Amino acid sequence: MEEIKLMKGNEAISHAAVRCGCDGYFGYPITPQSEVMETLQELKPWETTGMVVLQAESEVSAINMVYAGAGAGKMVMTSSSSPGISLKQEGISYIAAAELPCVILNVMRGGPGLGTIQPSQADYFQSVKGGGHGDYHLIVLAPSSVQEMADFVGLGFELAFKYRNPCLILSDGVIGQMMEKVVLPPFKPRRTQEEVVAQCPWATTGKKGRERNIITSLEMAPEIMEQRNLHLLEKYRTIEENEVRFEDYHCEDADYVCVSFGSSARVCKSAAELARHEGIKLGVLRPITLFPFPTKKIQELAARVKGFLTVEMSAGQMVEDVRLAVNGQKPVEFFGRQGGMVPTAEEVLDALKKQLIK
């Protein structure tokens with residue numbers, strides 16, 4: 001029987017982590033995601049599943065604890081909000097280069113700098129274009145509901161282990177703080193150490209009848225480092241080929257399409273309903289994976305619609321990827337709010353009329 005709860009997005013993440021067999025969470029409090037760790041502390045999973053929950057002394061410590069746990073083949077995760085994720089970037093780059101699986105949650109807040117505790121989507125560039133140093137990608141999932149906050153924990157670990165790559169759940173203060181009904185996943189026991197050894201032959205699980213496993217992101221010889229980079233690029237191409245996810249809403253007969261993710265996509269769906277009441281055929285394309293990006297789907301739409309409006313809570317970041325996908329076939333305009341302001345459906349429809357329909 002399904003177990004339905006009413007809870008915040010941040011709380012749903014915590015419940016899902018325990019239920020999917022997570023081995024460890026390492027974090028540091030920052031608004032608007034502090035409930036993630038607070039909920040885990042209330043659940044006390046160390047008494048039931050043995051899951052480790054630890055408040056580190058800093059964001060830098062937390063991500064390096066994730067690095068260590070992932071290196072041992074464990075299902076480990078962390079969470080933070082924009083400035084905290086910035087502090088974790090060096091460690092994230094190391095984890096990506098070492099090809100280790102983990103899940104990272106960013107509940108975005110307004111910036112730059114300390115900014116505001118209100119929601120934002122201005123960490124898009126940081127999330128999908130690397131964020132730290134060097135050439136690397138995270139798998140990036142963008143939930144737009146409390147249900148997806150719960151669902152994407154299990155999916156995130158699945159993709160992270162499938163590709164030995166960090167997976168980022170890119171949420172925002174709206175989704176993290178809002179309350180909705182959610183169907184929690186069934187309890188899944190944590191893997192035994194024997195299962196970890198069998199499933200993760202690359203992990204540092206103790207040298208027992210095999211050669212040493214050395215996990216590092218350091219190569220002193222440039223020709224070897226280049227080969228490591230080429231190997232990563234090939235993996236990213238495989239991810240782009242196989243793991244694109246999106247939702248299209250009223251796109252089958254649309255003349256115009258809003259492209260938006262996360263909480264902004266919810267607003268755009270309401271705008272689409274308002275537009276259709278006025279006889280304007282507006283659809284919404286919601287990228288669920290921001291990397292890999294649904295480029296091919298946007299190209300398909302560009303062949304038959306009149307134009308695109310990208311809606312973000314930022315100065316305009318994802319719009320660059322939309323324009324690259326459309327490649328000049330049709331106009332691509334942008335509407336956004338910043339500093340923690342959330343757009344309304346009426347504002348989106350007004351922007352569509354002014355910038356595309358005129």
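So the values come out like this:
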{"quantity": "Those Cys residues of the chain for which no other cysteine Cβ falls under 4.7 Å", "calculated": "Cys20, Cys22, Cys102, Cys167, Cys200, Cys251"}
{"quantity": "Relative contact order computed over segment 1-110 (Cα-Cα under 8 Å; 6+ residues apart), in percent", "calculated": "28"}
{"quantity": "Most to least accessible of Lys353, Lys188 (protein chains only, probe 1.4 Å)", "calculated": "Lys188, Lys353"}
{"quantity": "Folded to 0 to 90 degrees: helix 146-163 orientation relative to the chain principal axis, Cα", "calculated": "50"}
{"quantity": "Geometric extent, Cα atoms of segment 240-311 - Rg, Dmax (angstrom)", "calculated": "11.7, 38"}
{"quantity": "Per-pair calculated FRET efficiency, R0 = 25 Å: Lys358 and Asp253 via Cβ, rounded to 0.05", "calculated": "0.70"}
{"quantity": "Length-normalised contact order of the chain in % [C-alpha pairs under 8 Å, at least 6 apart]", "calculated": "18"}
{"quantity": "Most to least accessible of Trp202, Trp46 (protein chains only, probe 1.4 Å)", "calculated": "Trp46, Trp202"}
{"quantity": "Sites Lys162 and Thr116, calculated FRET efficiency, Cβ-Cβ separation with R0 30 Å, nearest 0.05", "calculated": "0.25"}
{"quantity": "Label point 7 Å beyond Cα of Arg245 along Cβ direction - residues of segment 96-137 with amide nitrogen under 16 Å", "calculated": "102-106"}
{"quantity": "Calculated log₁₀ intensity ratio I(q)/I(0) where the Debye formula runs over C-alpha points of segment 243-358, q = 0.09 Å⁻¹", "calculated": "-0.19"}
{"quantity": "Where labels lie 7 Å past Cα in the beta-carbon direction, separation of Phe187 and Asp135 in nm", "calculated": "4.7"}
{"quantity": "Kirkwood-type radius of the chain, with distances r between different C-alpha atoms, in Å", "calculated": "21.0"}
{"quantity": "Unsatisfied cross-links (Cα-Cα over 18 Å) in the set Lys129/Lys306; Lys296/Lys330; Lys8/Lys269; Lys188/Lys235; Lys8/Lys181; Lys269/Lys358", "calculated": "Lys129/Lys306; Lys8/Lys269; Lys188/Lys235; Lys269/Lys358"}
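The values are calculated or read from the model by the stated rules, or taken from the named source; none is laboratory data. Just so you know, these numbers come straight off a predicted model, no measurement behind them. Reconstructed Cβ throughout: ideal geometry from the backbone, glycine too, with neighbour counts over all protein chains shown. Heavy atoms of the whole protein, side chains included, go into the accessibility calculation; ligands, DNA and RNA do not. Shrake-Rupley method; radii C 1.70, N 1.55, O 1.52, S 1.80 Å.
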